[in-house]
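Encoded as structure tokens, the structure appears first; notes follow it.
Please treat every number below as a calculation from the coordinates, not as lab data. These numbers come from a predicted model, not from an experiment. Glycine gets a Cβ as well: all are built from the backbone with ideal geometry, and neighbour counts include every protein chain shown.
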Amino acid sequence: MGIGLKVRRLALLAGMAACAFGLSAAEAAEKHKIFLSMSFIGNDWQAEAANMVKAMASHKSLADKVDLQVQVAGPNAQRQIQQVNAMVQAGAEAIVIFPISPTALNQVVKNACDKGVKVFAYDAEITEPCAYNVHIDQEEAGRVTAEWLVKKLNGKGNIIAVTGVPGTSVDDLRTKAAKEVFAKYPDIKIVGEAVGMWSQAVARTELSKILATRSWSDINGLWMQVGCFTANSMQLEAGKKTSELLPCAGEGSNGGRIQMLPEGTEVEGAASPYAPLGAPRISYASPPYSGALALKLAVEAIEGKDVPKTTILPLPVVTNETIKLCNEGTWAEMKAGCNAFKPSLVSNPGWFASIFSDQAPEIGLSAALVGQPED
Amino acid sequence: MSSTTLPSPASSGFGLRRALMRNRGALIAAAVLAILLFIVDWISAGPLTYFDVSFLSSGGATSALAAIGQTIVILSGGFDLSAGAVISLVNVVLASSMDPMAPGASILLWTAVGIGVGMAVGAFNGFFIAVLRMQPIVVTLSTMFILQGVTLLVMDKPGGFVSPDLGTFYLGDAITNWLPMPLVVLGVVLLAWFWLKGTRFGTALYAVGSDADSAASVGINVVLVRFAVYVIAGGCYGLAGVFISAQTGSGDPLVGNPLLLSMFAAVVVGGTRLGGGQGGPVGTVFGAYILMMVVNILLVLNVSAYYSTIAEGTILVLAALAGSISHASVLAVQLRAARARLAAWRAGILPSQLERVDRRLRIAGPSHHQGSPASPRPAFHLRNAETLRYALPAYVCLLIIVIVTQIWLGRAILNPGYWNSLLVLSSFLAVLALGQGTVILTGGLDLSVPWTIGISGIILAGMVNGSDAALVYALPVVLLMACAIGFANGFGIVYLGISPIVMTLATNGILQGCALLYSQGTPAGFSSPLLRWFMTAKLGLVTPVVLLMVVFVVVAVLLLGRTPFGRRVYGIGNGLRAARLSGIGVERTLILVYMLSAVCAAIVGIMLTGFSGQASLGMGDDYLLPSIAVVVVGGALITGGRGHYLGMLGGVLLLTALQMLLAGTTLPYATRAILYGLVVLGAVMALRERRLQ
């Protein structure tokens, strides 16, 4: 495995060198030049999404048509503006972009559109009308999960809410929609609210702070954008039995999905807390395949097909009733309904498991893990 | 600047050379920028047209404008962390108050509003820093938190409207196809600076930055100069906010925050010395554009995403190195010193080769030590008066916070679980405070903390993969790697003469790239049961890590207070030259200091992996600013030389207790941020500098 890794890195380096010296110029003449502008690359979701885009670009149906170049803008909207400009100058036919800000890019995107460049935003939205958007309905995500939690608690109880990154549209839409639901039930009380930054590690720190002055027995349910996996682990550490775990509405991490499987299920590689616990959960996600789908749609748009300006992805929702373990994680297997992956295949419990799209048979588990497309 | 050229009887050639020497930083930055432009032009498909230049000029203008303000603050010996937050605030104020229905907007009016908001914030900063003589870094850090809260109150998500007229004006052409407007705006600001520099105020600004005490003694009103500096800088950030509003045509409450770190890099790459007195905004403008050009360079070279932060870090170091090449640069001095040492070794006259005889001076006559103890040892509170004065405020505030928690939330003082949580959650920052604190005591700053934490956690989790036995070799490997990281930082700072901020910022980027390459984007592996037990289990009432903390605190206090290493650290912080002349091995000590900081960060990475059960990318991101804040809240001086570890520990406990209090409430995030900023500001009120004599 060590040697394999080295070979792969060498190949990567060689590829870089080749591109740097402009060898690809001649063969790329036939191909569509498409750029991917990513945001901050330093988190699990972004890296997974990048892998899936790369896999899509190298799938046999697209490999001959697409010359994909990936660039990172970091968390800085100003840099992404500059980057999009530079991509337009470099002759992009389409730009697939994870927008750092839904509004700050409007001018530069309009500029790109005016030059005939197709701009596809994935996961988050760009409000400029000429841009194509591929994302889930964030309000629906907030509403569906909140309604599930209310139903689980029979409309009564103390809950803790852990939100995302304050000041972003995604967090705002989800949280407001959820709070509207909770407001309808006077017996549901939000007794603690923390900023979770969409990170399992932050969720643990914030929950620890809340629990310093409160005990688990005062709490009846959890509504979290990310962190149910961590919350379940913490309850076990605090001495709760698996049957006493609180209902948690939250993210689609693979760790959380495995915990939803009935206790005692045989799962290869499982070790507590990354193990079947029968935890009462609803799991939803902003799926990381949205970038790959955006790329596919971008190629269709370049080829003159009619692509709608807004593609709302179906919200991937998994509950204890619909949870099902995958054996290998091929697209065909996921199509048949499986939605959780063995820890022996996915060793990182924070990894996002909502990778299935019936519109994208090109990509499966190995696309998300290592950027390899399906056959 | 006539005063400096008047007494010089030199020929015009000599004068020119002096002028070149004085502006070397700016000139080299300009040369680097020209080379980068040439590279982009050479590699990219088409020639560089006016259109490209226009795009580039607008791309770098926001950070250049803000960095000009930061440069002026740094020239006066200050530091401003609120710059990014001011840009966000101005952006949302403009975007939320412009009427989309009203046709045409007054460019003059809205520019004045933006600059006015910035200056008001500057006046707030200036009041606390100049009039109350508080440390710039804490005041501006508190302002940053307060402004982030206020910004979210004005606009809680992206949106709003900025009139396109603003965009047409600021991004258009001053002279069609010849001169883009952003360059004119920058030119006007720089001209205003040149005018200011020529006035008495300009001279006073450099004087205060070089040596505030001397400036005061020649009759300069230091308070007024400092106050004015922050107001002017605030105006620059305000203008940058107006510019980004024009550029984006809308508001986003997070738009300015990420500009902060690159702003410092721009200042340093542009040849301004941190600590004040040397450099100027012209170089900074080139510095900002150099950093912006990196985006284009990475694009034309098609550098893979995983390598981009590595490439950026490398470019940053190379730019900083290029800016310092000269006969007097640290690298040249070190090389000459090495040659001299080699020659001395050949000749056999190195001190270590000489005979070991006692060559100390013998002072004749009575001395206090020889006679009987003339004066009794002063009482404890007198001996440690200074330490107590600076360390106590943090503990007093901690007590207040705990009492407020008890009254507001209940279940605090008598609840052992509360104290245990406080100590466990404090343990991360307590460890970081030793590393960052020691670096700050020497007058440096370590910005590579976030990804040292990240890569340590990721590599540990990957190697351990749930096995306790693997800890035996994984722990030493990770700690050794941290030593290497710290050594690289220290080496760059000491032997290559790169400023600590730039060196550690570059290291941070390089480590981020390495972590991504190592993990292929998704970190594998998880913590072993023993490590998890250590961070989350309970032995009776306490978590095992709390016991380690007790040991750690004792070791840290002894290390800084009772060892030669500790005394050397304080010596270097109080005066580098004096330390060198008294025979302290400055180079070796500084390298050890940065190694200590990296090892502390690695320990935190290991602890966080145990705490969370796994490692994740970006797990260290939230620890950079707090690690600096706790050190300063604990009474340390950011310019080095003063501070006690127990004070820093008080700062850690205070900030953690405050966060626990706020987390227990259901206050909205914006209000929490404002409260957090206000409490930090209040806590350091007691740390004010004594009035200048």
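Tabulated results
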| quantity | calculated |
| --- | --- |
| Within the range B:658-681, backbone nitrogen closer than 17 Å to the virtual label 7 Å beyond the Cα of B:Ile400 toward Cβ | B:658-662, B:674-681 |
| ³J(HN,Hα) computed for each position of the range B:608-619 - Karplus, 6.51 cos²θ - 1.76 cosθ + 1.60, integer Hz, glycine/proline x | 5, 4, x, 5, 8, x, 8, 9, 9, 4, x, 5 |
| Separation between Cα centres of the range A:309-337 and the range B:618-655, rounded to whole Å | 46 Å |
| Within the protein assembly as shown, percent of DSSP bridges classed antiparallel, to nearest 5 | 20 percent |
| Cα gyration tensor category, rounded, prolate or oblate, for the range B:86-191 with a/c compared to 1.5 | oblate |
| Simple spin-label estimate for B:Leu625 and A:Asp358 in nanometres, 7 Å along Cα-Cβ | 4.6 nm |
| Spin-label zone in the range B:601-630 - amide nitrogen under 20 Å from a point set 7 Å from the Cα of B:Leu667 along the C-beta vector | B:626, B:629-630 |
| At R0 = 60 Å, FRET efficiency that the Cβ-Cβ distance of B:Asp358 and B:Leu153 yields, to 0.05 | 0.30 |
| Estimated [θ] at 222 nm from DSSP helical runs (n ≥ 4, -39500 (n - 2.57)) normalised by residues in the protein assembly as shown, nearest 500 | -19500 deg cm²/dmol |
| The range B:378-515: relative contact order in percent, alpha carbon pairs under 8 Å with at least 6 residues between | 25 percent |
| Length-normalised contact order for chain B - Cα pairs under 8 Å, 6+ apart - percent | 20 percent |
| B:Ser97-A:Lys110 FRET efficiency (beta carbon distance; Förster radius 25 Å; 0.05 resolution) | 0.60 |
| Long-range amide H partners of A:Lys189 with built H, under 5 Å | A:Gly157, A:Asn158, A:Ile159 |
| Using a Förster distance of 51 Å, the FRET efficiency for A:Ala271-B:Ala174 (Cβ separation, nearest 0.05) | 0.20 |
| Prolate/oblate/rounded label for the range B:501-606 (Cα gyration tensor, a/c 1.5) | oblate |
| Length-normalised contact order of the range A:138-284 in % [C-alpha pairs under 8 Å, at least 6 apart] | 24 percent |
| Backbone HN-Hα couplings from phi across the range B:571-581 [Karplus 6.51/-1.76/1.60, Hz, Gly and Pro as x] | x, 5, x, 7, x, 4, 5, 4, 4, 5, 5 |
| Sequence-distant residues sharing a close amide H with A:Leu313 (under 5 Å, placed H) | A:His135, A:Ile136, A:Asp137 |
| Under-5 Å amide H pairs with A:Asn320, H placed in peptide plane, nonlocal only | A:Arg281 |
| Relative exposure of A:Met52, B:Met549, judged by other C-beta atoms within 10 Å (fewest first) | B:Met549, A:Met52 |
| Rounded, prolate or oblate (a/c below 1.5 giving rounded, otherwise prolate when a/b exceeds b/c) for the range B:386-685 by Cα gyration tensor | oblate |
| The range B:226-242 and the range B:21-77: distance between their alpha carbon centers, rounded to Å | 21 Å |
| Integer Hz, Karplus 6.51/-1.76/1.60 couplings in order for the range B:68-82, x for Gly and Pro | 4, x, 4, 4, 5, 4, 5, 4, 7, x, x, 6, 9, 8, 8 |
| Kyte-Doolittle at least -1.0, axis length at least 15 Å by Cα - qualifying DSSP helices, chain A | A:2-20, A:44-58, A:77-89, A:138-152, A:169-183, A:200-212, A:290-302 |
| Whole-angstrom gap from the range B:182-201 to the range B:503-582, using each part's C-alpha centre | 44 Å |
| Antiparallel %, DSSP beta bridges [both residues in the range A:138-284], to 5 | 5 percent |
| Neighbour-count order for B:Ser308, B:Ser582, B:Ser96, B:Ser44, fewest beta carbons within 10 angstrom listed first | B:Ser582, B:Ser96, B:Ser44, B:Ser308 |
| Exceeding the 32 Å Cα-Cα cut-off - candidates A:Lys241/A:Lys335; A:Lys176/A:Lys309; A:Lys156/A:Lys324; A:Lys296/B:Lys157 | A:Lys241/A:Lys335 |
| Order of A:Glu30, B:Glu355, B:Glu587, A:Glu125 - criterion: other Cβ atoms within 10 Å of each residue's Cβ, fewest first | B:Glu355, A:Glu30, B:Glu587, A:Glu125 |
